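The values are calculated or read from the model by the stated rules, or taken from the named source; none is laboratory data. Note that the structure is a prediction, hence the values are computed from the model and not measured. Cβ: placed from backbone, ideal geometry, glycine included. Neighbour counts: every protein chain shown.
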Amino acid sequence: MGTSKGYIAPSTPHWVQAKRGVSMYINNPSGTGNIAAAASKYAKAMNVEGYSNSRVAHAFAGFASFASSSSTNGYANALREIGREDILTMDSEDAINELILHFANSGETIDDAIALDCISETFSVLNIEKIENLQNIEINTFIKEMVCQFAKLKFAQLFDKQIRNKCPNIVQANQRIAEMQNYIYYTMELSLTNEILVSINPHNLSNETIVQNVLKKGFELMELYYGDSYENLD
């Protein structure tokens, strides 16, 4: 599994600013606030035009709905509801992989591929090793982790080529990408508190609108996390 590399961020005004923020960070990674400014610019571009028509939210909502059904009706019935009772005959690892492929459309498109990676990473972080574990997952926690993974992995998908072109070697490029991804992930993870998640999803639902709203709030909070002090990048 792996998101598409070499994908280039769009050239609309907000993305131009995001690219500029990333360039400033790469040129001066130890500069005060440069990493936060780059993340903030990225978040703003994402909220304006980065995911609203994406299949990612649809995939996340589908998997969250399956997890909810597993909790309510048992994982065997949840599999029957989506017409995948064949997964019941598979071993734990194959069953998990097949279920992820099902909801991520086998990674057919760029959006499908990143959804696939986000769900896989979410399973790893939440220690979901077999389908039965989904019966015990809290839906807001599940959605939050997928959204945080999306913010992290989408950045690499968009800026991988730019960062590699600007760094003198692959080791430094990998380091800068990892630094940005870690900052993005932990900023969003800390910002999306339980109180905020409950305010968005008080009834623990698992539909696409809820996922879109969590995505929107996560990127809004990341954009504001650094405040107005990055305006010198404009």
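Any residue at all in the range 32-50 that is over 19 Å from Y185 (Cβ atoms), in contact with a helix residue (DSSP H, G or I) (Cβ under 9 Å, 6 or more places away or on another chain), assigned by TED's automatic domain parsing to the domain that holds T209 and touching a residue at least 24 places away in the same chain (Cβ under 8 Å)? Spell out the reasoning first.
To start, the set of residues in the range 32-50 that are over 19 Å from Y185 (Cβ atoms) comprises 32, 48-49.
Next cut, in contact with a helix residue (DSSP H, G or I) (Cβ under 9 Å, 6 or more places away or on another chain) only: 48-49.
From what's left, assigned by TED's automatic domain parsing to the domain that holds T209: 48-49.
Narrowing the set further to residues that are touching a residue at least 24 places away in the same chain (Cβ under 8 Å) leaves 48-49.
Taking every residue of the range 32-50 in turn, at least one turns out to be over 19 Å from Y185 (Cβ atoms), in contact with a helix residue (DSSP H, G or I) (Cβ under 9 Å, 6 or more places away or on another chain), assigned by TED's automatic domain parsing to the domain that holds T209 and touching a residue at least 24 places away in the same chain (Cβ under 8 Å).
Are any of the residues in the range 184-195 touching a residue at least 40 places away in the same chain (Cβ under 8 Å) and among the aromatic types (F, W, Y)? Full working, then the answer.
Initially, the range 184-195 is screened for residues touching a residue at least 40 places away in the same chain (Cβ under 8 Å), giving 184, 187-189, 192, 194.
Pick out the ones that are also among the aromatic types (F, W, Y) and you get none.
No, the range 184-195 contains no residue that is touching a residue at least 40 places away in the same chain (Cβ under 8 Å) and among the aromatic types (F, W, Y).
Specify the residue that is farthest from the chain's Cα centre (by Cα); the eligible residues are those in the range 89-134 that are among the small types (G, A, S), in a helix (DSSP H, G or I) and within 13 Å of M146 (Cβ to Cβ).
Initial filter on the range 89-134 (among the small types (G, A, S)): 92, 95, 104, 106-107, 113, 115, 120, 124.
If we keep only those that are in a helix (DSSP H, G or I) as well, we get 92, 95, 106-107, 113, 115, 120, 124.
Keeping just the survivors that are within 13 Å of M146 (Cβ to Cβ) gives 115, 120, 124.
Numbers: A115: 8, S120: 11, S124: 14 Å.
So, considering only residues that are among the small types (G, A, S), in a helix (DSSP H, G or I) and within 13 Å of M146 (Cβ to Cβ), the one farthest from the chain's Cα centre (by Cα) is S124.
Could you tell me which of the residues E195, E189 is at pLDDT 95 or above, out of contact with any helix residue (DSSP H, G or I) (no Cβ under 6 Å at 6 or more places or on another chain) and surrounded by fewer than 20 Cβ atoms within 10 Å (Cβ to Cβ)?
Numbers: E189 fails: out of contact with any helix residue (DSSP H, G or I) (no Cβ under 6 Å at 6 or more places or on another chain).
One residue alone meets the criteria, E195.
Which of the numbered conditions does V48 fail, given that it passes all the others? Conditions: (1) over 14 Å from the mean Cα position of the chain (by Cα); (2) under 17 Å from I177 (Cβ atoms); (3) in a helix (DSSP H, G or I).
(2)
Before we move on, is L215 surrounded by 16 or more Cβ atoms within 10 Å (Cβ to Cβ), touching a residue at least 60 places away in the same chain (Cβ under 8 Å) and outside any helix (DSSP H, G or I)?
Numbers: surrounded by 16 or more Cβ atoms within 10 Å (Cβ to Cβ): yes; touching a residue at least 60 places away in the same chain (Cβ under 8 Å): yes; outside any helix (DSSP H, G or I): no.
Taking the combined requirement at face value, the residue does not satisfy it.
Here is a list of conditions, (1) more than 16 Å from V211 (Cβ to Cβ); (2) surrounded by fewer than 22 Cβ atoms within 10 Å (Cβ to Cβ); (3) polar (S, T, N, Q), and S54 meets all of them except one; can you say which number that is?
Failed condition: (1).
Filter the range 70-98 for residues that are hydrophobic (A, V, I, L, M, F, W, C), touching a helix residue (DSSP H, G or I) at 6+ places or on another chain (Cβ under 6 Å) and closer than 17 Å to S124 by Cβ and give the result.
Passing the criteria: only A95.
Before we move on, is Q175 polar (S, T, N, Q) and either closer than 19 Å to W15 by Cβ or outside any helix (DSSP H, G or I) (or both)?
On the way: polar (S, T, N, Q): yes; either closer than 19 Å to W15 by Cβ or outside any helix (DSSP H, G or I) (or both): no.
Criteria not met by Q175.
Go through the range 92-108 and report how many residues are farther than 19 Å from A76 by Cβ and loosely packed, with under 15 Cβ neighbours inside 10 Å.
Result for the range 92-108: 2.
Pull up the range 68-85, narrow it to residues that are closer than 13 Å to I131 by Cβ and not in a helix (DSSP H, G or I), then point me to the one that is modelled with the lowest pLDDT.
Per the stated criteria, the residue is G74.
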